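Throughout, read-outs are computed from the coordinates displayed, never taken from laboratory work. Source: prediction; values computed, not measured. No Cβ is skipped: glycine too gets one built from the backbone with ideal geometry, and neighbour counts run over all protein chains shown.
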Protein chains: 2
Amino acid sequence: MNNPAISAPRLLTELTHLAQIGQGPTGGIHRVAGSKADLAARDWLSKTMKVAGLTGHRDEIGNVFGRTPDSEGPRLLLGSHADTVPGAGHLDGAYGVVAAIEVLRTLVEAGHPAADHIEIVAFWDEEGVAADSNGGLGGSTALCDSPHIRDISAYLELHVEQGPRMEAAGLDLSAVTGIVGVERYEVVMKGQENHAGAAPFHLRADAGRAATRAAAALMPLCQEIDREGLIANVGSCSFSPGAANVVPGHASLQVEIRGISDDLLEATRSTMRQQFERIAEEENCSCEIAQVSAKPVASFDPEIVRTVEQTCLKSSDKVTRMASYAGHDASVMSSHVPTGMIFVPSTSGISHNVLEHTPDHQLVLGAQALLDAAVTLAEERARQPRLAVAA
Amino acid sequence: MNNPAISAPRLLTELTHLAQIGQGPTGGIHRVAGSKADLAARDWLSKTMKVAGLTGHRDEIGNVFGRTPDSEGPRLLLGSHADTVPGAGHLDGAYGVVAAIEVLRTLVEAGHPAADHIEIVAFWDEEGVAADSNGGLGGSTALCDSPHIRDISAYLELHVEQGPRMEAAGLDLSAVTGIVGVERYEVVMKGQENHAGAAPFHLRADAGRAATRAAAALMPLCQEIDREGLIANVGSCSFSPGAANVVPGHASLQVEIRGISDDLLEATRSTMRQQFERIAEEENCSCEIAQVSAKPVASFDPEIVRTVEQTCLKSSDKVTRMASYAGHDASVMSSHVPTGMIFVPSTSGISHNVLEHTPDHQLVLGAQALLDAAVTLAEERARQPRLAVAA
């Protein structure tokens, strides 16, 4: 039997409705967690769930949940976050929330038995930009710390890719395999400040040269380790004292590394240290590399990834598996319940920006894939006890 | 006949006396042009010249001159500048001024006929650090614009190297061949700001990567053109927006190139443009290179360089020819009269700093070489009409 089809016009209309809440004069959406617009959006979501025949409730932190009146656990949780960065586009978290409502509404309308094993959520403060924020992912973290989590059998999140990979490869849907680990480093090269004319190249300890050589070495270093699973960035570079006629005595880089596995991150860390220290030595400088922060890799449940991939293939033959290079609530959820994600492409890879866009037909494909995957997972999960996942 | 020997104790004592004028509590000397200490130093220099039996006069801008009462033109001018940067060492311009007094005093005491064909000078505002300064080299520029210049047959300046080359090569004296041209550029790479996780390497236009690759390429680029006559520096590097998780959309470098000939500077300029543009293209960026300033090469008079080298060899066998990588009054003088310079080493290449130092025996060697060269040049120049030099 075919699963019921979501309503494309309703999905797109509801997305437009939600986008109007907190929308500024130039189109950018301002719904920072806890702002008036964010609270108004949560009221609108509760109302929309009610109209869809669902029972809503809001927890202490501000997560908005919805389920059928006859719902019984354990339940598959579908959703994303409702807050935005300032000046955001209309998709990001909103797409996953609106699609989750559309999926459950469609199942309810069709009298599909999976409906009673699905719960939907609009998470609180994923972005972490409010002054009083704890750095983001606040709603999913609170859920995982509450008794409510015991009633959740699995989590599935639909999201825009926020990167250009899928568009570049001509893909419609991705089964997301996990979320990259992110490590940040401050690299400091120390040499000897000197007169740029007086000091010949071979008698310098040019910290600027050491730093720029290191920065230039980062990409090939990563690509040699793994061309697919690693990415890095030098986000800032500064020299001291910073005058045209002074050889820099001090230079620093902000380096970020993202990798799809702990092994890749570990290999990059040690190769980077080795190469940067060699470069420093060649330039008569010293090199200090300090880790500023580290978010571990989140690996999604292999069974869910497989189910997601198979159900995506029902909607399109342009489907792949990929890791997410950005953080999501699914990252927090994955250390508590079996978790998966579905991506649709982002036009030009743009996100956190009013230009954020995904073609309508792909937004619809994504929501249908969410429904198809949810039906399979809800039925599977309802038949088996909740799986334990190591925290 | 041997030339008379300068008095080493008197040279070193007078250097110490002059150093006490404007000396701060931690030893650094503060005689910015026009400051009370600078004016006091000029009074002391006039008095010292008088004690040495010389007739002094100060011109409108503040240059202090001295010559014998029976002096007759054309005259060989010996000297340097008396002003300092803030917190300076005791040598820089002061050494050349005190040594010039010592040379003329020794010749006067010995009744040497060259004495009447030599004039000495303490130039005004070579450093150009005062708020109302015209950028330095003010005294020599004023002299060259005045009728007084018609009476000068040649100029010879003794100076500390202000770099580490001579010390590293174990040299006592150098005949300076000219002063490097100095060109400054602002290099701007423009790419596309992007999310550091979302954008894979091959889909980036990473301005930071383009800029650091360009910076790292500068030294090999110069060395391929000329290992001796060229030097360059990247004095500052900055990325915008400058966050760890943002691929820089904009990056800029401050680049300085110094070369001993216009041909070398021209070759560097065009190779740099070519290589930086190629790097920018490889990184999907655009590259703009704007010249911020350009000081032309100053080539000294080949005959004077030869005479200086030969007379230096009377004092030491550790003599070389080299270009000056820093600017001097001799640069201004060289476009008006045949000009030369003598260098003594700078310990660790340090200058414009309280740690500036040259071993006493080399200070003495330098002053004696100045006397020997001056005697030869004064006698030669007195016998011939003044040479025209292209401005």
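The table that follows gives values for the structure above.
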quantity	calculated
Dipole axis of the protein assembly as shown (+1 Lys, Arg; -1 Asp, Glu on Cβ), positive-most option in A:GLN20, A:SER315, A:LEU104	A:GLN20
Principal-axis tilt of helix B:360-383 within chain B, Cα atoms, nearest 10 degrees	70 degrees
Distance in nm between pseudo-label sites at A:ASN353 and B:SER316 (7 Å out along the Cβ direction from Cα)	6.1 nm
Whole-angstrom gap from segment A:28-92 to segment A:222-258, using each part's C-alpha centre	40 Å
Inter-centroid distance (Cα atoms) of segment B:100-129 relative to segment B:297-356, Å	17 Å
Neighbouring partner chain Cβ atoms per residue of B:211-220, average, 10 Å criterion	6
Fraction of antiparallel bridges per DSSP, chain B only, in percent to nearest 5	70 percent
For B:LEU370, A:LEU218, order by how many other beta-carbon atoms lie within 10 Å, fewest first	A:LEU218, B:LEU370
Modelled FRET efficiency - R0 56 Å, B:ALA168 with A:ASP262, Cβ distances, 0.05 increments	0.70
Where labels lie 7 Å past Cα in the beta-carbon direction, separation of B:ALA40 and A:ASN2 in nm	9.9 nm
Local electrostatic count at B:LEU54 - Lys and Arg +1, Asp and Glu -1, tallied over other residues with Cβ under 12 Å	-1
Label point distance in nm, A:SER146-A:LYS295, each placed 7 Å from Cα along Cα→Cβ	2.2 nm
Efficiency of FRET between A:ASN134 and B:HIS17 - r from beta-carbon atoms, R0 51 angstrom, step 0.05	0.15
Positive minus negative residues near B:ALA216 (Lys, Arg vs Asp, Glu; Cβ under 10 Å)	+3
For A:GLU303, inter-copy label distances in nm, listed shortest first [label point 7 Å out on the Cα-Cβ vector]	9.9
0 to 90° range, to nearest 10: angle between helix A:92-109 axis and chain A longest Cα axis	20 degrees
Long-range amide H partners of B:ILE179 with built H, under 5 Å	B:ALA298, B:SER299, B:PHE300, B:SER324
Taking only Cα atoms of segment B:69-202, radius of gyration then Dmax in Å	22.7, 84
Orientation-averaged projected area, Cα convex hull of the protein assembly as shown (nm²)	38.4 nm²
Value of [θ]222 nm, deg cm²/dmol, for the protein assembly as shown, DSSP H segments ≥ 4, -39500 (n - 2.57) each, nearest 500	-11500 deg cm²/dmol
